[in-house]
Amino acid sequence: LCSANRWGAVPQAPADPILGVAVAFKADPAPEKVNLGIGAYRTAEGKPLVLKCVREAEKKICNDASLDKEYLPMQGLESFLKATSSVILGKDSKPLKEERVAVVQTLSGTGALRIAGEFVAKFTDKPPKVYISDPSWGNHHTIF
């Protein structure tokens, strides 16, 4: 390690208002408190809860020798795209039947927003109005 901090002059980013809710929750001594911050399932003790179905899915994936770990196509895994479209819009959805739905797989919600933002910026003449909740994640404002 260098003795001088290479990044010492970089200012610290402002605190994230949503993560601040989690900090305030942990600091609150009230026994009847409820965490309404980050959307994750919790046990009665307030610990993160991994659903049984998620654990089972993880085991299936880990034990599936047919999964070759190759890179996916640019838009994502076709079977996943079709399944999620059907779940979200309904398998009998008119837009799905008319093939008017475009779907891509992303790493995260913020990743999805960034891809959507770049796509809209590149392929529209006039930027659309974008609504962002308050509070929101700090990086959502810079994406749009």
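Could you please find all residues in the stretch 120-144 being among the aromatic types (Phe, Trp, Tyr) and under 18 Å from the mean Cα position of the chain (by Cα)? Talk me through it step by step, then tell me what you get.
Going through the stretch 120-144, the residues among the aromatic types (Phe, Trp, Tyr) turn out to be 123, 131, 137, 144.
Passing the criteria: 131, 137, 144.
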Exercise. In the stretch 80-99, how many residues are open to solvent by 70 Å² or more (accessible area, probe 1.4 Å) and over 20 Å from residue 111 (Cβ atoms)?
Worked result: 8
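Based on this model, can you work out whether residue 69 counts as surrounded by fewer than 11 Cβ atoms within 10 Å (Cβ to Cβ), outside any loop (DSSP other than H, G, I, E, B) and of a type outside the set (A, V, I, L, M, F, W, C)?
Details: surrounded by fewer than 11 Cβ atoms within 10 Å (Cβ to Cβ): yes; outside any loop (DSSP other than H, G, I, E, B): no; of a type outside the set (A, V, I, L, M, F, W, C): yes.
In short, no.
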Exercise. How many residues does the stretch 27-51 hold that are open to solvent by 70 Å² or more (accessible area, probe 1.4 Å) and either touching a strand residue (DSSP E or B) at 6+ places or on another chain (Cβ under 8 Å) or modelled with pLDDT of 85 or more (or both)?
Worked result: 8
Seminar exercise, completed: Checked against (1) open to solvent by 80 Å² or more (accessible area, probe 1.4 Å); (2) at negative phi, residue 54 satisfies every condition except (1)
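Out of the residues in the stretch 89-144 that are basic (Lys, Arg) and not in a helix (DSSP H, G or I), state the one that is nearest to residue 74 (Cα to Cα). Reasoning before the result, please.
Filtering the stretch 89-144 down to residues basic (Lys, Arg) leaves 91, 94, 97, 100, 114, 122, 126, 129.
Checking the rest, the ones that are also not in a helix (DSSP H, G or I) come to 91, 100, 126, 129.
Numbers: 91: 24, 100: 19, 126: 27, 129: 28 Å.
Going through the qualifying residues, I end up with 100.
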Exercise. Within the bounds of the stretch 127-143, is there any residue that is in contact (Cβ under 8 Å) with a residue 60 or more places away in the chain, open to solvent by less than 50 Å² (accessible area, probe 1.4 Å) and either in contact with a helix residue (DSSP H, G or I) (Cβ under 9 Å, 6 or more places away or on another chain) or under 24 Å from residue 21 (Cβ atoms) (or both)?
Worked result: yes
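The values are calculated or read from the model by the stated rules, or taken from the named source; none is laboratory data. Predicted model only: the values in this text are computed from it and were never measured. Ideal geometry is used to build each Cβ from the backbone, glycine not excepted, and the neighbour counts take in all protein chains shown. These accessible areas exclude ligands, DNA and RNA; they are computed on the full protein's heavy atoms, side chains included. Shrake-Rupley method; radii C 1.70, N 1.55, O 1.52, S 1.80 Å.
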